[in-house]
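To keep things clear, I will list the structure first and then write my remarks on it.
The values are calculated or read from the model by the stated rules, or taken from the named source; none is laboratory data. As the structure is a prediction and not an experimental result, all values here were calculated from the model. Note that we place each Cβ from the backbone using ideal geometry, even for glycine, and neighbour counts take in every protein chain shown.
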C-alpha cells in the first residue's frame with residue numbers, strides 16, 4: 001500500500017515537474033532578458049486632451065467588461081443548478097443530450113452578455129469608434145455564436161464518448177483531443193474569413209515579400225480583408241498554419257496608415273508566424289486544458305461524472321470559473337508573445353520611429369489608454385500597453401544606435 | 001378541361017367587379033363595426049365569398065362543373081359555409097390591418113391571397129395551390145381524373161383562402177384556422193402508403209430552445225450534410241440494384257431509410273413542429289414526429305428507371321409545401337417564444353408538410369415506388385402503429 005502511494009506521489013511529482021518544464025519552455029521568448037524599458041511619460045506622445053478622453057472612454061469599458069464577466073459567471077452558476085432540467089428537452093440519447101446541454105450553456109452566456117455588448121457598442125458609437133448598427137450587431141453576434149455552438153457540440157461529443165469508455169480517466173485523453181479540435185478550427189478559420197482579396201498595392205506587396213523573406217518565411221500569403229463596413233479600429237492578424245497560414249490586413253489599416261507603419265504591422269504579424277506563436281498558444285492551451293479537465297472530472301463525480309449529461313452544466317460552470325481564475329496567466333502569456341512579435345518587427349524593419357508612430361496613431365484611433373491601471377493590464381491586457389510598446393521601440397533604438 | 005383558363009375569363013371579370021364592391025362594403029363595415037359592433041352588407045359579402053370559392057375551385061381544378069354567376073349556396077360541389085352575422089370585437093376590427101399580416105403571408109404561401117406575397121415570390125413559387133393546379137392539369141389530361149391527394153390539398157388551400165377573405169372583408173372576426181385536420185375532405189382516402197408519419201407531440205415548447213433553435217440545429221445540419229454525401233452513393237447503388245433485382249437491397253434500404261427518418265426528425269425540430277432535440281441516428285420510435293417505413297418490397301422497374309423524371313412533380317410540390325413549412329416555423333417561433341406553446345393548427349400543418357416531404361424523399365431515393373400522397377386528409381387516418389425499433 002505504502003509503495004503504491006509512494007509511486008503515485010512520485011508520478012504526480014514527475015507530471016508536475018514535466019508541466020513546469022514545458023511551461024517554462026513556452027514562456028521563453030527572444031526579447032532580451034535584460035531589456036530595460038525606459039519608463040516614458042505618456043504626455044510626451046499624447047496630448048492631455050487625448051489622454052483624458054481615452055481615460056474616460058476606457059473607464060466605462062472596464063466596468064462593462066467586469067460586469068459582463070460577473071454576469072457570465074452568475075448565468076453559468078444558475079445554469080449549473082437549473083441546467084439538468086433541460087435533459088427533458090432532448091430525445092437524443094446520452095451524448096446528444098450532452099451536446100444540447102453544452103449548447104444551452106452557451107445560449108445562457110450569450111443572453112447574459114447581450115446587454116453588456118450593447119452597452120459597449122453604444123459607448124463606441126458615442127465616441128465614433130464604431131459605426132455598426134444595433135440590429136446588425138445583434139444579428140452578427142447571434143450568427144457568430146454558431147461557430148461556438150458547433151465547437152462545443154464537437155467537444156461534448158468527444159468528451160462524452162471518452163467518458164463512455166473511461167468513466168473516470170476520460171480527462172487524460174480529452175485534453176489533447178480538445179486541443180486537436182481547436183487546431184482543426186485554427187486551420188480552417190483563415191478560409192472562413194469573408195471578403196478577402198490579395199494585396200492590390202504593388203509597394204505593399206513588395207514590402208510584404210521582402211519582410212517575409214527577412215523573417216525566414218518567404219512566400220507567406222498576405223490578404224486584405226474588407227472591413228470598412230464593420231466599423232471598429234484598423235487591425236491585422238496572423239492566422240492558420242500549413243497551407244492555410246496567412247497574414248490578413250484590414251483595408252482600413254491600408255487606407256489610414258502610412259507605408260512605414262504598415263511595414264511594421266506586416267513585420268509584427270510575420271513574427272507571429274516565424275516564431276511559431278500559434279503552436280506555442282496551442283501548447284499553452286494543452287498545458288492549461290489538462291488540469292482544467294482533471295478538476296472538471298473531480299467536480300462532477302457526485303453527479304455521475306461526464307458520462308451523465310446532467311453533469312454538463314456543472315462542468316461548463318467549473319470550466320468558466322477556472323478560465324476566469326487563470327485569466328492573468330493567459331493574458332501574461334499572450335502579452336509575452338506580442339512583445340516578442342514587436343521586438344522581431346523592430347529587428348526586421350529597423351524603424352523604431354515608425355513603430356512609435358504606429359502605436360500613437362492606433363492609440364488615438366481606438367481610444368486606448370496608453371498607460372492603463374495595473375490591475376486592468378494584469379487581468380485583461382493580452383497586448384502590452386501602448387506606452388510599453390513605444391518604450392520598447394525606444395529601448396531598441398538605444399541598443400542599436402548606429403542603425 | 002384543356003381550355004379551362006379561357007373558359008373562366010367571364011367569371012374572373014365578374015369576380016373582379018364583385019371584389020371591388022366587396023372591398024367597398026368592407027370599408028364601410030369597418031366604421032360600422034367600430035361604432036355599432038356589427039358589419040353591414042353581410043348577405044352580399046357571403047355571396048361574394050361563395051362565388052370566389054366556386055370560381056377558384058373551378059379554375060384550380062378542385063371541381064369540374066362550370067359554376068354559376070350568382071354564388072348560390074349549395075349550387076356547387078365545393079361550397080363555402082359563411083357564418084351568420086355576429087357581433088365583432090372592436091379592437092380586433094380596429095387593428096385588422098395589422099392582425100391580418102400573418103394570415104396574409106400564409107395565404108400567399110398557399111396561393112390564395114390573390115396577390116403573390118413577397119414571401120412566395122422569394123421562394124419562386126406562386127403558392128401551393130397554383131402548383132397543385134398545374135400538376136392537376138397534366139394529371140387530368142392524362143388520366144381524366146384529378147388525383148385525390150391534389151384535390152384534397154386544393155380544398156384545404158381554398159378553405160383557408162375563404163377564411164382569410166372572410167376575415168379581411170370583416171365578415172367575421174374569427175382568425176383563419178390553418179389546421180388541415182379540421183376540414184371536410186369527404187370520404188377518407190384509402191391509403192396503404194409504405195411511408196407514414198406518427199405524431200405524439202404535446203404542443204409544449206421550451207422558450208430557450210425555441211429562441212436558439214437555428215443554432216441548436218447546427219450540429220444536425222452538419223451531420224445531415226455529411227451523411228447525405230454517403231446517401232448520394234447509396235441511392236445510386238440502390239438504383240442499380242432495384243433496376244436489376246426488382247427490389248432494393250435490405251442494407252441500403254435500412255441505411256437510406258434511417259437517413260430519411262433522421263431528416264424528418266431534424267426538419268420537425270428546426271421547423272418547431274416538435275420540441276425535443278433529436279438523436280443523430282434516425283432510430284425509429286425515438287421522436288414525437290416519427291416516420292414508419294415499410295420493409296423493402298418489389299418495385300416496378302419502369303418506375304425505377306425513370307424515377308428522376310417521375311419525381312419532378314412531387315419535388316415541385318414539395319418545394320411549394322416547404323416554403324409554407326418555413327412560414328409555419330417563423331410563426332411558431334414567435335408564438336412559442338411568448339406562450340411556450342405551439343398552436344395545434346400550425347403544428348398539424350407542419351406535420352403534413354414534413355410528412356409530404358418525407359414521402360417525396362422516400363420516393364426519390366427509392367425506398368418505395370408509391371407516389372407521395374399530397375392530401376392533408378391522410379393525417380386524419382388513425383396514426384400509424386408504433387414501429388418496433390430495427391435491430392442495430
Looking at A:51, A:40, which one is assigned to a loop (DSSP other than H, G, I, E, B), touching a residue at least 40 places away in the same chain (Cβ under 8 Å) and over 30 Å from residue A:317 (Cβ atoms)?
A:40
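Per-residue answers, yes or no, for (1) within 21 Å of the chain's Cα centre (by Cα); (2) more than 23 Å from residue B:159 (Cα to Cα); (3) outside any loop (DSSP other than H, G, I, E, B):
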position: B:290; (1), (2), (3): yes, yes, yes
position: B:316; (1), (2), (3): yes, no, yes
position: B:327; (1), (2), (3): yes, no, yes
position: B:330; (1), (2), (3): yes, no, yes
position: B:352; (1), (2), (3): yes, no, yes
position: B:373; (1), (2), (3): yes, no, no
Provide a single number: the residues in the stretch A:151-177 that are in contact (Cβ under 8 Å) with a residue 60 or more places away in the chain and within 14 Å of chain B (Cβ to nearest Cβ).
4
Could you list, in sequence order, all residues of the stretch A:118-150 that are part of a helix (DSSP H, G or I), more than 10 Å from chain B (Cβ to nearest Cβ) and surrounded by 16 or more Cβ atoms within 10 Å (Cβ to Cβ)?
A:119, A:120, A:121, A:123, A:124, A:125, A:137
Filter the stretch B:274-289 down to residues that are out of contact with any helix residue (DSSP H, G or I) (no Cβ under 7 Å at 6 or more places or on another chain) and more than 8 Å from chain A (Cβ to nearest Cβ), then give me how many there are.
2
Do we have residue B:49 as more than 23 Å from residue B:12 (Cβ to Cβ), in contact (Cβ under 8 Å) with a residue 12 or more places away in the chain and part of a helix (DSSP H, G or I) here?
no
Out of B:82, B:14, B:40, I need the residue that is over 26 Å from the mean Cα position of the chain (by Cα), surrounded by 13 or more Cβ atoms within 10 Å (Cβ to Cβ) and part of a loop (DSSP other than H, G, I, E, B). Which one?
B:40
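What is the residue count in the stretch B:176-191 for residues that are in a loop (DSSP other than H, G, I, E, B) and at pLDDT 75 or above?
Here is the first cut: in the stretch B:176-191, the ones in a loop (DSSP other than H, G, I, E, B) are B:176-179, B:183-191.
Retained after the next criterion (residues that are at pLDDT 75 or above): B:176-179, B:183-187.
Qualifying residue count, the stretch B:176-191: 9.
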Can you list the helices (runs of 4 or more DSSP H) lying wholly within the stretch B:193-250 that have 1 or more residues being over 30 Å from the mean Cα position of the chain (by Cα) and more than 14 Å from chain A (Cβ to nearest Cβ)?
B:218-245
Breaking point among (1) crowded, with 20+ Cβ neighbours inside 10 Å; (2) within 14 Å of chain A (Cβ to nearest Cβ); (3) in contact (Cβ under 8 Å) with a residue 24 or more places away in the chain, for residue B:304
(2)
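Here is a yes/no grid of residues against (1) surrounded by fewer than 24 Cβ atoms within 10 Å (Cβ to Cβ); (2) closer than 18 Å to residue B:357 by Cα; (3) free of Cβ contacts under 8 Å to residues at least 60 places away in the same chain:
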{"position": "B:248", "(1), (2), (3)": "no, no, no"}
{"position": "B:263", "(1), (2), (3)": "yes, yes, no"}
{"position": "B:273", "(1), (2), (3)": "no, yes, no"}
{"position": "B:279", "(1), (2), (3)": "yes, no, yes"}
{"position": "B:284", "(1), (2), (3)": "yes, yes, no"}
{"position": "B:289", "(1), (2), (3)": "no, yes, no"}
{"position": "B:298", "(1), (2), (3)": "yes, no, yes"}
{"position": "B:309", "(1), (2), (3)": "yes, yes, yes"}
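Hey, among B:171, B:210, which residue is in contact with a helix residue (DSSP H, G or I) (Cβ under 8 Å, 6 or more places away or on another chain), in the same structural domain as residue B:250 (by TED's automatic domain parsing) and either surrounded by 22 or more Cβ atoms within 10 Å (Cβ to Cβ) or at pLDDT 95 or above (or both)?
On the way: B:171 fails: in the same structural domain as residue B:250 (by TED's automatic domain parsing).
None of the others qualify; the one that does is B:210.
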When residue A:89 is evaluated against the numbered criteria (1) modelled with pLDDT of 95 or more; (2) more than 30 Å from residue A:372 (Cα to Cα); (3) within 12 Å of chain B (Cβ to nearest Cβ), which criterion, by number, is the only one it fails?
(1)
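With the condition kept exactly as written, say whether any residue in the stretch A:96-112 is more than 30 Å from residue A:187 (Cβ to Cβ), within 11 Å of chain B (Cβ to nearest Cβ), at pLDDT 95 or above and not in a loop (DSSP other than H, G, I, E, B).
To start, the set of residues in the stretch A:96-112 that are more than 30 Å from residue A:187 (Cβ to Cβ) comprises A:111-112.
Subsequent filtering for residues that are within 11 Å of chain B (Cβ to nearest Cβ) retains A:111.
In the following step, the residues that additionally are at pLDDT 95 or above were identified as A:111.
Those left that are additionally not in a loop (DSSP other than H, G, I, E, B): A:111.
There is at least one residue in the stretch A:96-112 that is more than 30 Å from residue A:187 (Cβ to Cβ), within 11 Å of chain B (Cβ to nearest Cβ), at pLDDT 95 or above and not in a loop (DSSP other than H, G, I, E, B).
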Conditions (1) without any contact (Cβ under 8 Å) to a residue 60 or more places away in the chain; (2) not in a loop (DSSP other than H, G, I, E, B): number failed by residue B:63:
(2)
Qualifying positions in the stretch B:296-328 - closer than 26 Å to residue B:108 by Cβ and out of contact with any helix residue (DSSP H, G or I) (no Cβ under 7 Å at 6 or more places or on another chain)
B:312, B:319, B:326
Could you count how many residues in the stretch B:20-35 are in contact (Cβ under 8 Å) with a residue 40 or more places away in the chain and under 26 Å from residue B:65 (Cβ atoms)?
1
So which residues in the stretch A:54-86 are without any contact (Cβ under 8 Å) to a residue 12 or more places away in the chain and within 14 Å of chain B (Cβ to nearest Cβ), if there are any at all?
A:85
